[in-house]
Amino acid sequence: MTRDIETYFLEGCGRCSLGGTPECKVHTWAKELELLRNILLECGLTEECKWGQPCYTHQNHNVLMISAFKDSCIISFLKGALLNDPQKLLISQGENVQGGRIIKFTHPSQILAIEATLKEYIFEAVEIENAGLRIEMKKTSDYPVPTELQQKFEENETFKEAFYALTPGRQRGYLLHFAAPKQAKTRESRIEKCMPDIFNGKGMHD
């Protein structure tokens, strides 16, 4: 994984085999990323490389990130749910994303067209950090336990203990993963496949 900011813009995040090649997504959206980068730096944010991505901080607090994907590049407001968003630009990447909000771009003109508004959003994001505002995250206990998982707990007390010994974040990841399929058989299959990792104290992405 890339740890140097300049390396990211030259070679990509380093998370896949396309890094350093013309097919890397960073090269696909090079002009858009450069525009976003310049705007963020003009707003006085500090540029770092975290999790293989450009991260922009204020007084050591993460505020925004920019990323390149197959279909677009994005600017991600880590506490975007707290922004006013009068222009309705922000979108959530999924129903289970609680705090982050993104704006997608597929052409430099899209960025230039909203540059002034974008800076307003960025400055508001900084003010949110200055004020110490936080996203009220759902607790693990707020997530429903699928019936199939509850049955496994009743059948296997050791498995239940192993599950609840996981960190809250790992528990949430599994609860969302198990609850997603519509069919009971698929939910049961997912639980069976994940049981060895749960017994080993691992999360979905460990």
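The values are calculated or read from the model by the stated rules, or taken from the named source; none is laboratory data. Predicted model only: the values in this text are computed from it and were never measured. So basically every Cβ, Gly included, is an ideal-geometry build from the backbone, and we count neighbours across all protein chains shown.
Condition check: surrounded by 12 or more Cβ atoms within 10 Å (Cβ to Cβ), small (Gly, Ala, Ser) and at pLDDT 95 or above. Does Ala162 satisfy that? Answer is yes for this residue.
Only a single criterion out of (1) free of Cβ contacts under 8 Å to residues at least 24 places away in the same chain; (2) surrounded by 11 or more Cβ atoms within 10 Å (Cβ to Cβ); (3) assigned to a helix (DSSP H, G or I); (4) of a type outside the set (Lys, Arg) is not satisfied by Glu154, namely (2). Checking each residue in the range 115-144 for being of a type in the set (A, V, I, L, M, F, W, C) and buried (at least 18 other Cβ atoms within 10 Å of the Cβ) picks out Leu118, Ile122, Ala125, Val126, Ile128. Mind checking whether some residue in the range 85-107 is under 30 Å from Thr140 (Cβ atoms) and more than 16 Å from the chain's Cα centre (by Cα)? Among the residues of the range 85-107, at least one is under 30 Å from Thr140 (Cβ atoms) and more than 16 Å from the chain's Cα centre (by Cα), which makes the answer yes. Considering (1) outside the structural domain of Arg37 (by TED's automatic domain parsing); (2) surrounded by 14 or more Cβ atoms within 10 Å (Cβ to Cβ); (3) at pLDDT below 90; (4) in contact with a helix residue (DSSP H, G or I) (Cβ under 9 Å, 6 or more places away or on another chain), say which one Gly99 fails and leave the rest. Condition not satisfied by Gly99: (1). Looking at Gly20, Gly44, Gly14, Gly52, just one residue is modelled with pLDDT of 95 or more, at positive phi and not basic (Lys, Arg), and that residue is Gly44.
When Lys50, Lys31 are screened for being under 25 Å from Ala125 (Cα atoms), within 21 Å of the chain's Cα centre (by Cα) and surrounded by fewer than 17 Cβ atoms within 10 Å (Cβ to Cβ), only Lys50 passes.
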